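Structure first, then comments.
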Amino acid sequence: MDYKVFLRKKEICKICTCGFSKKMPLCDESPRVINEKEGTNYKSLKITPEEDVSLNFSSGAWNDEQKKSFDSI
Ligand code: FES
């Protein structure tokens, strides 16, 4: 699935890389809980555009199966 995001000039945007966010494709800080419980080291991807821009994001890490496993943690 692709997500289109409008990014504003000079505003930091955190993109989820773990696949557990409930606000895809944005990071919702889920790794704080997951990393503590599971001993993982998930981090978001931080983007600061130099001008206003719309981008499409997709990742193989974003799937329903992974979200379900987080719901049970
Ligand atoms: S929620 Fe996935 S990296 Fe933040």
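Across the range 2-20, which residue is farthest from the chain's Cα centre (by Cα) among those that are crowded, with 16+ Cβ neighbours inside 10 Å and without any contact (Cβ under 8 Å) to a residue 40 or more places away in the chain?
C13
Listed here are the residues, each with its yes/no results for (1) away from the ligand (no atom under 13 Å from the Cβ); (2) modelled with pLDDT of 90 or more; (3) among the hydroxyl-bearing types (S, T, Y); (4) more than 21 Å from M1 (Cβ to Cβ).
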position: E11; (1), (2), (3), (4): yes, yes, no, yes
position: D52; (1), (2), (3), (4): yes, yes, no, yes
position: K67; (1), (2), (3), (4): no, no, no, no
position: S72; (1), (2), (3), (4): yes, no, yes, yes
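The values are calculated or read from the model by the stated rules, or taken from the named source; none is laboratory data. The model shown is predicted, which means the values in this text are computed figures rather than measured ones. Quick reminder, even Gly has a Cβ in these numbers, built from the backbone with ideal geometry, and neighbours come from all protein chains shown.
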